[in-house]
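Reading through the structure tokens given below for one structure.
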Amino acid sequence: MDARITLIVNGQKTTVVTDPERPLLEVLREDLGVTGPKYGCGEGRCGACTVLMDGQRALSCSTPVGSANDKEITTIEGLADGDRLHPVQQAFLDEGAIQCGYCTPGMILSAVALLEENPRPTDEQIVEWMNGNICRCNGYEKILNAVRRAASQVKEVKRS
Amino acid sequence: MIEDTLEMAESPRPDTVKLNRRSFVQLLGTGLLITVTEGVTLGQGRRGGGGRSIAVAARIHINKDGTISVMTGKVEEGQGPRAQLSQAAAEELRVGVDRIRLIMSDTGLVPDDGITAGSRTTPSTVPAVRQGAATARKLLTDLAAKRWKVDPSTLTVSDGSIRNKAIDKTITYADLANSADVEEAFTQSVSSDIALTPVDEWKTMGTSVPRPNSRDIVTGAHKYPSDIVRPNMLYGKILRAPSYGATLESIDLSRAQAMKDVLVVRDGQFVGCAAPSAHTARLALEAVAATASWKTVPQVSSREVHAHLKRNSRGGRPRTKGSVEKAMSDSKKVLSETYEVAYVQHTPMEPRAAVAEWEDGKLTVWTGVDGPQRNQQSLASALGVPSDRVRVIVPDMGGGFGGKHTGEAAEEAARLARAFGRPVAVHWTRAEEFTWAYCRPAAVIECKGGLDAKGSIVAWDFASINPGGSAIDTPYSIPNTSILSAGSDSPLRQGSYRCLGATANNFAREAFMDELAAAAGADPLAFRLAHLENTRIRNVLEAVAKHFDWPRRRRQTTTDVGVGLACGTEKNSVVAACVQVRIDRRRARIKVEHVCEAFECGPIQNPANLLSQVQGCITMGLGPALHEQLQFADGKILNASFAGYLVPRFKDLPTLDIHLMNRTDIPSAGGGETPIIAIAPAIANAVFAATGKRVRSMPMEDALRRVV
């Protein structure tokens, strides 16, 4: 049975009437045209669909949209401040941490969630946190460098 | 059945494309009008440049705003051609790379540069684009010279401006773009013998130009094939057989037909549903699938697959040198071993995806395939329409690794779109990708070698069953050899994968070389060098041994920590790797802690991108070396998900110490494949160094479990 569900996507409040069992990922992509979150496995094992839900990392492919009612959803499209990229986005550019780029939105959002929770992660903590995100181009080395770079910049911002 | 083992890359079928002047200019923007003589052949021609040439206008378009559109049939899937081909054009046109707008992989707009495979972009397409750009520069310079009534050799070109020093005047490409004589000039063919910029004068090539659309990737603005949406579009789902070889005997479509907003079609074995959401389409398909009855046939399982491949080995005659039989019988020691490789999947992050739209009997598809022109032909033939009524557009896609030569999703979407009269998207699930995409061939490789009294290899017998013939020849100097590449009866659909059979063949050869070295009582490095005349391989092998500090690390081997090395050559590039592994005997785990790799592919065109490719090859190679394998029984894949099929993750990443060797006196070769071939054998050899046990099959953790 369809339900009325309110989502706040990248700051915009929107209402959808749909089956609450549908994955949040599909509602974002099909109903709202927000295609930054990607389908990779459909069971929360690759991280390509990662979004932030009320600031916390969430796997949108295995989140029923009904459970996202009234939640603030941030996707890759909502991360930059106008033309100014989020430090994690900028770090991915600066490190060239992109091959095909399909995993990139999920990688960036996972890293953002990490740095929100732990602005000074050790390498081990970064690896542990990011391990749920797969990159099949296997660009892990440069992605790690990007997260390290972003972490050092976030630290600087927080200090100043 | 070997699908596509290659290759493909070197023999594009040049298409005869009539460019519609109005639509072309609409698509490219205003500026130089393109007029291509009717019937002019588009495409770079065959490898070596001896093929048919194309009009400059089919490759280069000067825009009024000073930007330059460059057209190529190559596909961006993360390996870096968007930057590399932009650099190639910028270099020869003498403009900054930011002026280049690369238009890729759209059969309505671009020449056929052959399928994106076989590391052919660097040796074939880069030269083709450079020739096109250099010819355009020459034609533009000639026109300027004509205007000024001077000899073209008195003019200089930089930053898109042609300068006449004598009268202190310049004219830009954009100025010339408005003139009718440029339009006429660009109908000329690209010159295949035009001088290209020598390596030591490169300004843009040889530098680390980032991927031009990187910003769209990090902001989520880029639209991948699975992100494409068309007005009034439906989402389609296709009925899959429950097992390989099963045929549909009956099905009741009424349950789906009764569902709101659902369309369903059956055409023989093909059954598909479409709905305004993927969720509804999935529910509809599940409803009809529950009513299907199937006739199944017996299938080989992964437990018995190697015996099956060996039993069904067929075709191929060994290539021989000297007399292996006599040399074996004269040998002081003879070793004989068999190596095995499991089936693996490519699992690109973006599974197969397509949107198809019919309009006035013409089909347009947006999809992720390696060969847009090839896919155009196969779609036309599958759908029974002329190929000039099919347009294939490949947006930069989410990975391929040799696994997207075929366009199944495009054909499925086109069938549904035709049946329902609306655009339809078909996005494969991960399970579909694991189950129905072709995979990398499994292999059985039988090696036999004979050593003389001095410990030199005098006889070499190498029989490789099923993986294909890439890198099958030994690079070592051995007087008597017999080398066989045989086919077999593959129970799974198989095809290309990064570096093809070279990974399997190099695994067996380099692991067996280690066994021979041990039998000869020699150090693995010294043993290889003693048999190696190829200076390029020697150079990378010696470099990697030095950087890794091979002698010291080898002395420090313990029962838990071992080191191994391997080298190889394929696709005109050379690689060598040293690795250090740590063995967890209780859990039969192999942790690769450190990889040192040296790679040389001629003059490096984009160092940062080449580094990404080498890092990617090494890390990707860890998967099939250690864990990855498709398990199957009764025609079903038993581990068709990332839960059961373990690809490398952050935790698997070893310390990488990569040395890119820039050799400028030979032509550039591609670098996205060969760096994968040394990693597996180096690991096998390191496992032996630590444990004294040989692991002769990939994935090796399974093999280790059997021996420790």
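Bear in mind these aren't lab numbers, they're just calculated from the coordinates by the rules spelled out. Note that the coordinates shown come from a computational prediction; the quantities given were computed from them, not determined experimentally. Heads up, the Cβs are rebuilt from the backbone with ideal geometry, glycines too, and the neighbour counts pull from every protein chain shown.
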*Residue by residue through the range B:240-246, which ³J(HN,Hα) values in whole Hz follow from phi under the Karplus form 6.51 cos²θ - 1.76 cosθ + 1.60 (θ = phi - 60°), with glycine and proline marked x?*
10, 5, x, 7, 4, x, 6
*Quantify how much of the Cα-Cα distance distribution of the range A:87-159 extends past 17 Å, in percent.*
33 percent
*asked:* Give the average, rounded to an integer, of partner chain Cβ atoms located within 10 angstrom of each Cβ in B:210-217.
replied: 5
*asked:* Charges on Cβ only, +1 for Lys and Arg, -1 for Asp and Glu, centred on the Cα centroid of the range B:555-699; of B:LEU565, B:VAL592, B:THR691, which one is farthest towards the dipole's positive end?
replied: B:THR691
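Between B:ALA195 and A:GLN153, how high is the FRET efficiency from 1/(1 + (r/R0)^6) when r is the Cβ-Cβ distance and R₀ = 51 Å? Nearest 0.05.
Plugging the Cβ-Cβ distance into 1/(1 + (r/R0)^6) gives 0.65.
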*If you build the Cα gyration tensor of chain B and take the root of 5 times each eigenvalue, what three semi-axes come out, in whole angstrom, biggest first?*
44, 37, 21
*Local charge sum around B:LYS310 (other residues, Cβ-Cβ under 10 Å, Lys/Arg +1, Asp/Glu -1)?*
-1
*Can you tell me the FRET efficiency between B:ALA633 and B:ARG317 if r is taken as the Cβ-Cβ distance and R0 is 41 Å, rounded to the nearest 0.05?*
0.75
_Using Cα-Cα distances under 8 Å and only pairs 6 or more residues apart, what relative contact order does chain B have, in percent?_
14 percent
*Given H placed on each backbone N at 1.01 Å, which residues far from B:ILE658 in sequence or on other chains put an amide H within less than 5 Å of it?*
B:GLU597
*FRET efficiency estimate (nearest 0.05) - Cβ-Cβ, B:LEU646 to B:LYS169, R0 45 angstrom*: 0.10
_the range B:539-560 versus the range B:265-335: alpha-carbon centroid distance in Å_ = 40 Å
*Please report B:ARG211, B:ARG240, B:ARG696 as a ranked list, fewest other C-beta atoms within 10 angstrom at the top and most at the bottom.*
B:ARG240, B:ARG696, B:ARG211
_Can you tell me the length gained on complete extension of the stretch B:ASP252 to B:GLU533, counting 0.36 nm per residue apart and subtracting the Cα distance?_
94.4 nm
*lysines with Cα under 23 Å of B:LYS64, excluding same-chain neighbours fewer than 8 positions away*: B:LYS138, B:LYS146, B:LYS169
*Enter the Cα centre distance for the pair the range B:50-108 and the range B:613-660, rounded to the nearest angstrom.*
34 Å
*Percent of beta bridges antiparallel (DSSP, the protein assembly as shown, rounded to nearest 5)*: 75 percent
_I'd like the per residue volume of the convex hull spanned by the Cα atoms of the range B:447-516, given in cubic angstrom._
82 Å³
_What are the equivalent ellipsoid semi-axes of chain A, built from the alpha-carbon gyration tensor (square roots of five times its eigenvalues), in whole angstrom, biggest first?_
27, 17, 13
*Just round it to a whole percent: the fraction of Cα-Cα distances in the protein assembly as shown exceeding 34 Å.*
55 percent
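Can you put B:MET71, B:MET233 in order of Cβ neighbours within 10 angstrom, beginning with the fewest? Could you put the intermediate results ahead of the total?
On the way: B:MET71 27, B:MET233 20.
The fewest-first ordering by Cβ neighbours comes to B:MET233, B:MET71.
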_Please compute the length gained on full extension between B:PHE270 and B:ASP388, using 0.36 nm multiplied by the number of residues separating them and subtracting their Cα-Cα distance._
40.0 nm
*What residues have an amide H closer than 5 Å to that of B:VAL458, excluding those fewer than 5 places away on the same chain, when H is modeled at 1.01 Å from N in the peptide plane?*
B:GLY450, B:LEU451, B:ASP452
_Cα-Cα over 21 Å, subset of B:LYS237/B:LYS404; B:LYS237/B:LYS636; B:LYS571/B:LYS693; B:LYS448/B:LYS591_ = B:LYS571/B:LYS693; B:LYS448/B:LYS591
*Vicinal HN-Hα couplings computed from phi for the range B:139-145 (Karplus, 6.51 cos²θ - 1.76 cosθ + 1.60; Hz; Gly/Pro x)*: 5, 5, 5, 4, 5, 4, 5
_Distant-in-sequence amide H partners of B:ASP489 (H built 1.01 Å from N, under 5 Å)_ = B:ASN312
_Least to most buried among B:TRP428, B:TRP294 (fewest other Cβ within 10 Å first)_ = B:TRP294, B:TRP428
*In Hz, Karplus ³J(HN,Hα) per residue of the range B:636-650 (6.51, -1.76, 1.60; θ = phi - 60°; x = Gly, Pro)*: 10, 7, 8, 10, 7, 7, 5, 6, x, 10, 9, 8, x, 10, 3
*Which of the peptides B:302-310, B:669-677, A:28-36 is most tightly packed, and how do the rest follow, going by the mean number of other Cβ atoms within 10 Å of each residue?*
B:669-677, A:28-36, B:302-310
